[in-house]
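Inspection log for the structure reproduced underneath, given as structure tokens.
The values are calculated or read from the model by the stated rules, or taken from the named source; none is laboratory data. Just so we're clear, the structure is a prediction, and the values are computed from it rather than from any experiment. Here the Cβ is made from the backbone with ideal geometry for all residues, glycine too, and neighbour counts use every protein chain on show.
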Amino acid sequence: MNYTDKYLSEMAKKLTPYEWESNVPEDILRFDTNTLPAPPPCLESFINDLKIKCPINEYGDPSYTKLKGLITGYECFEKEMITVTNSGDEALDIVTKAVLNPRDFFIIQPPTYEMFRIQSEINRGVAIQVPLTQTFAIDLNRLLKTIKEKQPKIVFICNPNNPTGTVTSTEYIEKILKNSTGVVLVDEVYREFYGKTSVLLLKKYDNLVILRSFSKFGGMAGARIGYLMASSKLSQVFDAIRLPMGVSWFSYKFAELLLEKNTAWIKSQSQMIMRERSRLTKELTELGLNVVPSQANFLLVKVGDKAKELYEKLKDNNILVRDRSNKPYLEGCLRVTVRNREQNNQLIKSLRNII
């Protein structure tokens, strides 16, 4: 036993951290992070405003009142049902802290976003896996049977799902909500590239929680800001658990400006990504690659035994994709972000030369 193990909890000894690409050169073209190709247009005016007024020596508004109001307008939903968080990952931590007691069950549907499992296990939950089908669709009958047998405290649904880009219908989500005695968390981080949402179900089900993030639709991944939508009672608990002033003044002020000035840009960027998604799917397919139909801003590409080799050769061409080929259910797969036309053309050109 490592000497320092005596200081650690049993959970910490077994914890597997989230894997992330490290030591990435600044000039590499990143197709691995599912981020937008450029920051929002309001960034320049935000930086200019900081030169005039930047009260960084003071705390900001601990309740994020203005930002909540702007999110209300964007989502067409009530302010008291919103909790502002430091990224979508902190939002997951808040929900799992609020809901899970030690040894409580939670359900994940692999392959899916790995932080569902990590944050739930950190907060002493026990994972039950109900894998997606071979076409990466939800296995509804098996899921409902497992919910009935295990009575999980949380069921996680990523919609569209990361890393597959596949979706779960609102009809299926409602059936899951009706059959669940615990919370159903629907991750809608990639919703703008899909065009459908479960927000209206919040009026009918007090066990629904929706996760959102400015990282994807807002081009603000580096700012680390997200939010939860849930019943007012759950939201009060989430607000009590979240860190006071956990979101930096810079981040929530930037998010305010985005929703004040750039909602049209959000829509146009989403539409551009959807057009490029169709084009990139066609181009990759014509190169002989098997692309999973996606409703997100990324594509899961089935390459087979040469996935790792292709990943390395693209890296040699200064292009970084996400290598998922060593993960269960994703053997031989790479995940590729959909970026703008020029950047996607660089990817296509490199792939043509390699293949």
Hits in the range 45-61 - residues which are of a type in the set (Phe, Trp, Tyr) and assigned to a helix (DSSP H, G or I): Phe46
Quick one: what pairs do we get from the range 212-229, first residue buried (at least 22 other Cβ atoms within 10 Å of the Cβ), second among the basic types (Lys, Arg), C-beta under 8 Å, 6+ apart or different chains? Arg212/Arg191; Ser215/Arg224; Phe217/Arg191; Gly226/Arg212; Tyr227/Arg212; Leu228/Arg212; Met229/Arg212
Taking Ser235 as the residue in question, decide whether it is touching a Gly at 6+ places or on another chain (Cβ under 8 Å), of a type outside the set (A, V, I, L, M), part of a helix (DSSP H, G or I) and under 26 Å from Glu78 (Cβ atoms). no
Across the range 129-162, the tally of residues that are part of a helix (DSSP H, G or I) and surrounded by 14 or more Cβ atoms within 10 Å (Cβ to Cβ) stands at 6
Considering only residues of the range 71-104 that are free of Cβ contacts under 8 Å to residues at least 60 places away in the same chain and in contact with a Gly (Cβ under 7 Å, 6 or more places away or on another chain), which is farthest from Arg224 (Cα to Cα)? Asp104
Among the residues of the range 290-312, are any over 23 Å from Ser169 (Cα atoms) and under 18 Å from the mean Cα position of the chain (by Cα)? no
Do we have Thr181 as at pLDDT below 95 and either over 20 Å from the mean Cα position of the chain (by Cα) or assigned to a helix (DSSP H, G or I) (or both) here? yes
Does Ala230 satisfy being in the same structural domain as Glu80 (by TED's automatic domain parsing), small (Gly, Ala, Ser) and in contact with a Phe, Trp or Tyr (Cβ under 8 Å, 6 or more places away or on another chain)? yes
Quick one: which residue in Ile355, Ile273 is farther than 30 Å from Gln109 by Cβ, of a type outside the set (Gly, Ala, Ser) and either touching a helix residue (DSSP H, G or I) at 6+ places or on another chain (Cβ under 6 Å) or exposed (fewer than 15 other Cβ atoms within 10 Å of the Cβ) (or both)? Ile355
Out of all the residues in the range 25-44, which are touching a strand residue (DSSP E or B) at 6+ places or on another chain (Cβ under 8 Å) and either of a type outside the set (Phe, Trp, Tyr) or in a loop (DSSP other than H, G, I, E, B) (or both)? Ile28, Leu29, Arg30, Asp32, Thr33, Asn34, Thr35
